[in-house]
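Data block below; observations after.
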Ligand SMILES: Cc1ncc(COP(=O)(O)O)c(C=O)c1O
């Protein structure tokens, strides 16, 4: 079993270790929930302070011109692009993930007018399932949404499938799907591919260009650390720009918003996917968060992420053998940046750990979920977290009756 001294030695030679200083972390706490809400960075704070105290306070409405507020959705998109393997001009930051999925689904369905089926994953995030059903039911032709077992995708594909929408890293199990293989399979059936990158962006290297992805969207508040409710981003492959229509057009996606024309004429490029006024404070927070990513690469982050999750799985299996079902795949090519442990008392386990300073989360019905973010986590944090997990399990602290009632957010 790996000792704490070995972990400390790994930290001492870790080239990413200095990045931990960029974050405002609670002293003595081990934060394994950056896959739900990333922590605040000093850079995010300083950019938001600048908006509040200078840009907004002093520049007032002039900020739209003088501080280039209008350009932020595409400027930030260009900074997210390298994280997903996209080109400049293919990513825009706006809205929230569910809303961007609605826009992309609605637009995509019109590109395959002769096809009547949409495929998604029955294990997909519930919001994705709600929105795909809602958008499909309002399409200009009758459509059927099939939420399938994703393992059966090849058999379910046919020449009637217009669109396939999948989440690339499963929010519960942490399983990572084959971006390129699945996109090719879908294209071979003549359908379009839309990926949800909520648990992928900033967590695993992505190559939308190489995989020939049509459309994708992801969160700003998880691994990107943009802040609670941070705006999301959409990727529209450049070959679809000008072809894919935004079904929720608004003035700021117009080619000439300040001509106040009565007819909608979409702006060129991904700007057409902006509907409304950008939320400048939120965008500046995300902008600060992205500064940290510009000091490293997804290759470096991935190597450390795999080392951290490998270490966590090995330690769990040696410190509390046979107690949990490790549902996250062992194969690196099938693993995101989180580890999910199944246990019948999962909620109590997570709450007892939070009380002891290790923050993870619970996903119904029985998953303890731990996210590993190489930007600020140390190998010793992984070691200490498993020691606390062992204490919780050996003492049965998770059975405390305080944990029988679930809080609204789990
Ligand atoms: C996989 C997945 N898709 C979609 C969403 C919804 O994101 P939003 O609240 O930005 O709409 C989440 C949120 O956690 C998610 O995990």
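No lab work stands behind these numbers, since they all come straight from the coordinates. Quick caveat: nothing in here was measured; it's all calculated off a predicted structure. No Cβ is skipped: glycine too gets one built from the backbone with ideal geometry, and neighbour counts run over all protein chains shown.
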> If you average 1/r over every pair of different alpha-carbon atoms in the stretch 366-410 and take one over that average, what Kirkwood value in Å do you get?
Replying inline: 12.7
> How big is the Kirkwood radius of the stretch 114-237, worked out from every pair of different alpha carbons and given in Å to one decimal?
Replying inline: 14.8
> Kirkwood hydrodynamic radius (Cα pairs, Å) of the stretch 138-193?
Replying inline: 12.3
>> What percent of all Cα-Cα pairs in the stretch 334-410 falls into each 10 Å bin, going from 0 up to the bin containing the maximum distance?
In response: 18, 54, 25, 3
> What order do you get for 91, 359 when you list them from fewest to most C-beta neighbours inside 10 Å?
Replying inline: 359, 91
> Based on the Cβ-Cβ distance from residue 259 to residue 64, what FRET efficiency comes out when R0 is 22 Å, to the nearest 0.05?
Replying inline: 0.90
>> Could you sort the peptides 128-136, 1-9, 291-299 by per-residue average Cβ neighbour count (10 Å cutoff), highest mean leading?
In response: 128-136, 291-299, 1-9
>> Using Cα-Cα distances under 8 Å and only pairs 6 or more residues apart, what relative contact order does the stretch 29-109 have, in percent?
In response: 15
> Taking a quarter of the surface of the Cα convex hull of the stretch 41-192, what do you get in nm²?
Replying inline: 11.5
> One-quarter of the Cα convex hull surface for the stretch 153-306, in nm²?
Replying inline: 11.1
> So how do 205-213, 147-155 stack up, highest first, on mean other-Cβ count within 10 Å?
Replying inline: 205-213, 147-155
> Can you tell me the Rg and Dmax of the stretch 289-368, counting just the alpha carbons, in angstroms?
Replying inline: 14.5, 42
> Mean residue ellipticity at 222 nm from the helices of the chain, using -39,500 (n - 2.57) per DSSP H segment of n ≥ 4 over the full residue count, to the nearest 500 deg cm²/dmol?
Replying inline: -10500 deg cm²/dmol
>> Considering the Cα positions of the chain, please state its Rg to one decimal place and its Dmax as a whole number of Å.
In response: 22.0, 69
> By per-residue mean of other Cβ atoms within 10 Å, what is the highest-first order of 45-56, 193-204?
Replying inline: 193-204, 45-56
> On the first, second and third principal axes, largest extent first, how far apart are the outermost C-alpha atoms of the stretch 263-410 in Å?
Replying inline: 65, 37, 25
>> If you average the C-alpha positions of the stretch 284-314 and of the stretch 351-410 separately, how far apart do those two centres end up, in angstrom?
In response: 21
> Rounded to the nearest 0.05, what FRET efficiency is calculated for residue 26 and residue 323 with R0 set to 35 Å and r the Cβ-Cβ distance?
Replying inline: 0.80
> Fewest to most neighbouring Cβ within 10 Å: what's the order for 223, 31?
Replying inline: 31, 223
> What nm value, rounded to one decimal, do you get for the distance between residue 400 and residue 110 when each label is placed 7 Å out toward the C-beta?
Replying inline: 5.5
> Can you give the angle from 0 to 90° between the axis of helix 72-84 and the longest principal axis of the chain, with both taken from C-alpha atoms, to the nearest 10?
Replying inline: 50
> For the chain, what's the relative contact order in percent, using C-alpha pairs closer than 8 Å and at least 6 residues apart?
Replying inline: 23
> Where a ≥ b ≥ c are the square roots of the eigenvalues of the C-alpha gyration tensor, would you call the stretch 20-81 rounded, which needs a/c under 1.5, or, failing that, prolate if a/b is larger than b/c, or oblate?
Replying inline: oblate
>> Just to be sure I understand the model, the point goes 7 Å from the Cα along the line to the Cβ. What's the resulting residue 45 to residue 6 distance in nm?
In response: 3.6
> Among 30, 84, which comes first, then next, by fewest other beta-carbon atoms within 10 Å?
Replying inline: 30, 84
> So what's the gap between the Cα centers of the stretch 88-120 and the stretch 53-76, to the nearest angstrom?
Replying inline: 29
